[in-house]
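Right, one structure below, let's go through it.
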Amino acid sequence: MISFFICLAILIIGYLTYGKLVEGVFGPDDRETPAVAINDGVDYVVMPQWKLFLVQLLNIAGLGPIFGAITGALWGPVVFLWITFGTIFCGGVHDYMSGMMSERENGASISEVTGKYLGSFMANIMRVFCVVLLIMTGTVFAVGPAGLFTALFTDAGVSKGSILVNATFWLAIIFAYYFIATFLSIDKIIGKIYPVFGICLIVMALGVALGTIAKQGGNMPELFTHFENMHPAGKAIWSYMFITVACGACSGFHSTQSPLMARCMKSERQGHFVFYGAMVAEGIIALIWAAAACTWYKGADLLAAGGGNSTTVYYMSKQTMGSVGFILAMLGVIACPITSGDTAFRSARLTICDWFHIDQQTYGKRLAVCIPVLGVGCLLGFGQTFGLLDYNVIWNYFAWSNQTLAMLVLWAGSVYLAKNGKNYMITAIPATFMSAVTFTYFMMAPETLGHIKFLADNHAVGYPAGIIFAIVCVLLFIRSKNKMSKQTRIA
């Protein structure tokens, strides 16, 4: 347990120290925020800081810090290091910068923010990329819970002829909720129910932590005795582990969610707690689930169980919290993806509106965007339910796309800081790291170039390629920085 508590302490200290350093570099001030200046009663609504934090936590979390962290436990306690230091130096910085840059741009979507600092060509790529990613995320986070509802009532002995065991019925219910949450003002649905589910997510993690420590604390593996790759199938730590554990360390999806809260802050000084703080809270949740998985499962057993999924969550929850754990687990594996899915569709709406400059104060204009966005989601969702589409092929690209988005946002943050004469190293270093990670994975993974037999898990090619790509990104950034410096001197 020593390693677990040390990592937990580092996360808390990191929030109090490095988080404040990042805030100091950015330099929040007392300027009027978009929530106050615009306040349209729909997307720009002032909310209290505690609610901003809980909504942001649930927006970025979903099942990521649970399923991803459990799967990350396949590599053993070495995953603690990525969760801990990834959260402090990469994920926390990424979330803070994406939220605050958006706030400085009147709550603009991350595609618009990134485009401003990386160029118009990248803006168009990011617009399409983000809309596709968000609709795909929202759809999968509808299909999954619909299947879980069906399985739950089937296991409870409900007749197969009942509508309650019909996945199509639950999918329709979920999409109906998604439409309402996407269409209505943010404080009507999301602002009211998210804080409740956010508290449940935290309580669930604390229950698992306390139960694991009380019942199996002595069996929790230590970093200093298991500092090795323990993956049963021999999957390399670099870069598979860094891609697998995203939401608990660094996730590009967070940057699509941060603008939602950037439009609801009363003061820029809330950013440290809302953005960096929510990321640290998610890191703590991920650390707890990773530690629990390392303790309750042997690597081969965890691999046989499929890593992070509803089955492994149920097992550990029941072992640590009994019947209460089962209830919380059900709440988590069903409610968490739904509450990330609805904000994914909402973010897709806002991205499209920012792209085409569509005002959202009137019902008609909101409907004009909501209907096609949710319509595409419904077509994809019901296509999956009726066996017409296979998401497994598409979803395999999500993990890599997610981290690639994080890399781009970190480089945009570096340009922003350099342009404003601030310490860009806090973003440039993690951006360089994520550049190497994502390109290495792209070269070796089976869903990307790894489907070519020669490149599949070929470390001799993948590792140098990742390093070279990172160096190229650094050189491009230096070129951009020098160009900005020259323009400043001329001006």
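Brief remarks on what is shown
- Distribution of pairwise C-alpha distances over the range 1-110, 10 Å bins, in %: 12, 36, 32, 16, 5
- Calculated SAXS-style log₁₀ I(q)/I(0) at q = 0.11, 0.18 Å⁻¹ - the range 131-222, Debye, Cα scatterers: -0.54, -0.99
- A viscosity of 1.306 mPa s and a temperature of 10 °C, combined with the Kirkwood radius over Cα pairs in Stokes-Einstein, give a translational diffusion coefficient for the range 292-348 of 127 µm²/s.
- Backbone geometry of the range 217-226 corresponds, through the Karplus equation with coefficients 6.51, -1.76 and 1.60 at θ = phi - 60°, to 3J(HN,Hα) couplings of x, x, 9, 6, x, 9, 4, 6, 10, 10 Hz, x marking Gly and Pro.
- Estimated FRET transfer efficiency when R0 is 41 angstrom, pair I2-N106 (beta carbons, to 0.05): 0.30
- Extents of the range 45-201, largest first, come to 57, 43, 35 Å (Cα atoms, principal axes, whole angstrom).
- Share of Cα-Cα pairs in the range 393-491 lying beyond 20 Å, as whole percent: 45 percent
- Within the accessible area of the chain, the carbon and sulfur atoms contribute 68%, probe 1.4 Å, all protein chains present.
- Per residue solvent-accessible surface (Å²) - the chain, probe of 1.4 Å: 39 Å²
- FRET efficiency for the L475 to I193 pair, using the beta carbon distance and R₀ = 51 Å, is estimated at 0.60.
- With a cut-off of 19 Å on the backbone N, the residues of the range 292-325 near the modelled label site 7 Å out from K235 along Cα-Cβ are 292-314.
- Surface calculation, 1.4 Å probe, protein heavy atoms: T448 sits at approximately 10 Å² accessible.
- Of V373, V196, V461, the residue with the largest accessible area leads and the full order is V196, V461, V373 (1.4 Å probe).
- You can think of it this way: the chain between S162 and N39 has 39.7 nm of extra reach, that is 0.36 nm per residue less the Cα-Cα gap.
- Label zone at I468, where the point sits 7 Å out along the Cα-to-Cβ direction: the range 410-444 residues whose backbone N lies under 19 Å: 432-444
- Computed as a quarter of the hull surface, the mean projected area of the alpha carbon convex hull for the range 144-286 stands at 13.4 nm².
- Cβ-Cβ FRET estimate between Q49 and T17, R0 fixed at 30 Å, reported to 0.05: 0.90
- The figure for F141 is an accessible area of roughly 40 square angstrom, using a 1.4 Å probe on the protein chains alone.
- Cα gyration tensor, the range 237-351 - rounded (a/c under 1.5), prolate or oblate: prolate
- For A9 and D359, the difference between the fully extended length at 0.36 nm per residue and the C-alpha to C-alpha distance is 121.5 nm.
- Look at where the Cα atoms of the range 250-318 and of the range 393-464 average out, and the two centres are 20 Å apart.
- Taking every Cα-Cα distance in the range 36-82 and sorting them into 10 Å bins starting at zero, the pair-distance distribution P(r) comes out as 21, 31, 23, 16, 9 percent.
- With viscosity 1.306 mPa s and temperature 10 °C, the Kirkwood radius over alpha carbon pairs of the chain converts through Stokes-Einstein to a diffusion coefficient of 70 µm²/s.
- When nucleic acids and ligands are ignored and a 1.4 Å probe is applied, H272 ends up with an accessible area of around 10 Å².
- DSSP loop trypsin sites (Lys or Arg not before Pro) with at most 10 other Cβ within 10 Å: longest gap in the chain: 161-452
The values are calculated or read from the model by the stated rules, or taken from the named source; none is laboratory data. Since this is a predicted model, take the numbers as computed values, not measurements. Cβ atoms come from the backbone with ideal geometry, glycine included; neighbour counts cover every protein chain shown. Heads up: the accessible areas ignore ligands, DNA and RNA and are worked out on the full protein's heavy atoms, side chains in. Shrake-Rupley method; radii C 1.70, N 1.55, O 1.52, S 1.80 Å.
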